[in-house]
Amino acid sequence: MPGPAAGTAHAATTTDVVCLGESMVTFLPSQPGRLADVPSFGRGIGGAESNVACALAAAGHRAAWVGRVGADGFGDHLVETIAGYGVDTSAVRRDPGRPTGIYFRTATDRGAGAHEVAYYRAGSAASAMSPSNVPYGEVFAGRILHLSGITAALSGDCLALLRELTAERPGRPLVSFDVNHRPHLWRGGDASVLLELARRSDLVFVGEDEAEEAWGIEGAEAIRAALPEPSVLVVKRGSAGATVFSGLRPGPRSSNAGGAEDAAAGTGSGDTVTHVPALHVDVVAAVGAGDAFAAGFLSATLRGLPVRDRVRHGHLMAAAVLTVPGDLTEPPARDHADRLAALDDGAWGRLRLGPGWTAADRAPEEVRTS
């Protein structure tokens, strides 16, 4: 099975982050209620990796999205919309024989019992991604390669591709992996492969709830014990915030990540453990927050910020999405986010962010406190 040859990464990278994965056209309801009762839908886009790419580009980074879409109007819409955020889509491939995936969802929170999603992705162009049809030169062209567990669940070929991309090899960029466990995608499958892929990555994002549901592992310390290899492990704990384990990964690692790898590595043997509380947010729609958190964390990692500030930027980027109806929004201006991330612990704990908080003319003291 063809794969990347050693040295396929570009000697002089021009991209900060390459995000590879599925993106679909999403149909958003015009009103609350069951899918059976919603009279009309508005069109948008959805996809964990493309969401991250769009958020990073909007934050001023050089981001690329690599995916596979159909040679159809929905594929045109996806590529044009993602490119409209400033993302490089030149490596996206068009499949003449398979359609672009679509899905419909209700307006309720994904975690709510009444939430419904109807996916039409079986046999999609994205599910045909494989080690034999991905442009490796473009995939390995960035300082960071961001992947997620959603891709691994789409097909056997997609899983083989992620195993190829997370394999250690000279010139491999820093690999960021968001576990993104989606139970409906793993019905009849083995979600333990997500643990395997996470262990082969450098920077891992996983929710405590995901780890328990997918692997039967409870608590941040137990998750770290199961994932000792990544240089940085970010355990998302919902309203309790996030805990980061950072330490030097054992064994050699050849990477073209440059400063990004230095920022992600620990300061010596063993772990440094950093806990950062979550923000108080007046939530409008609880969709896209995990992708936004990853984008904020990666943005701060690229900038070489301390671990605490990387997590705070993740929380702030997530808060920007949580306070709007859709999966994507304009992030706060960098200097605005930097001012908020630099607050002392007391002021950070008193922040309460609601719709409109990202306005560039709002100083930290003007953001509502609880």
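Report yes if some residue within the range 299-308 is outside any loop (DSSP other than H, G, I, E, B), modelled with pLDDT of 95 or more and surrounded by fewer than 19 Cβ atoms within 10 Å (Cβ to Cβ); otherwise report no.
Yes - at least one qualifying residue is present in the range 299-308.
Looking at the range 107-206, what helices (runs of 4 or more DSSP H) fall wholly within it and have at least 2 residues that are open to solvent by 40 Å² or more (accessible area, probe 1.4 Å)?
Numbers: elements: 136-139, 149-154, 156-166, 192-199.
The qualifying helices (runs of 4 or more DSSP H) are 156-166, 192-199.
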Any hit, the range 213-234, residues being touching a residue at least 40 places away in the same chain (Cβ under 8 Å) and touching a Pro at 6+ places or on another chain (Cβ under 7 Å): no
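With respect to residue 241, determine if the residue is more than 15 Å from residue 144 (Cα to Cα), modelled with pLDDT under 90, open to solvent by less than 30 Å² (accessible area, probe 1.4 Å) and of a type in the set (Gly, Ala, Ser). Before the answer, list the steps.
On the way: more than 15 Å from residue 144 (Cα to Cα): yes; modelled with pLDDT under 90: no; open to solvent by less than 30 Å² (accessible area, probe 1.4 Å): yes; of a type in the set (Gly, Ala, Ser): yes.
So residue 241 fails the test.
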Any chance residue 224 is open to solvent by 50 Å² or more (accessible area, probe 1.4 Å) and either under 19 Å from the mean Cα position of the chain (by Cα) or modelled with pLDDT of 95 or more (or both): no
Criterion: modelled with pLDDT of 80 or more and open to solvent by 10 Å² or more (accessible area, probe 1.4 Å) - qualifying residue of 258, 270, 296, 247: 270
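The values are calculated or read from the model by the stated rules, or taken from the named source; none is laboratory data. Remember, predicted model here, so these are calculated numbers, not experimental data. Every residue, glycine as well, gets a Cβ built from its backbone with ideal geometry; the counts of neighbours run over all protein chains shown. Remember, those area values only see protein heavy atoms, side chains included, never the ligands or the DNA or RNA. Shrake-Rupley method; radii C 1.70, N 1.55, O 1.52, S 1.80 Å.
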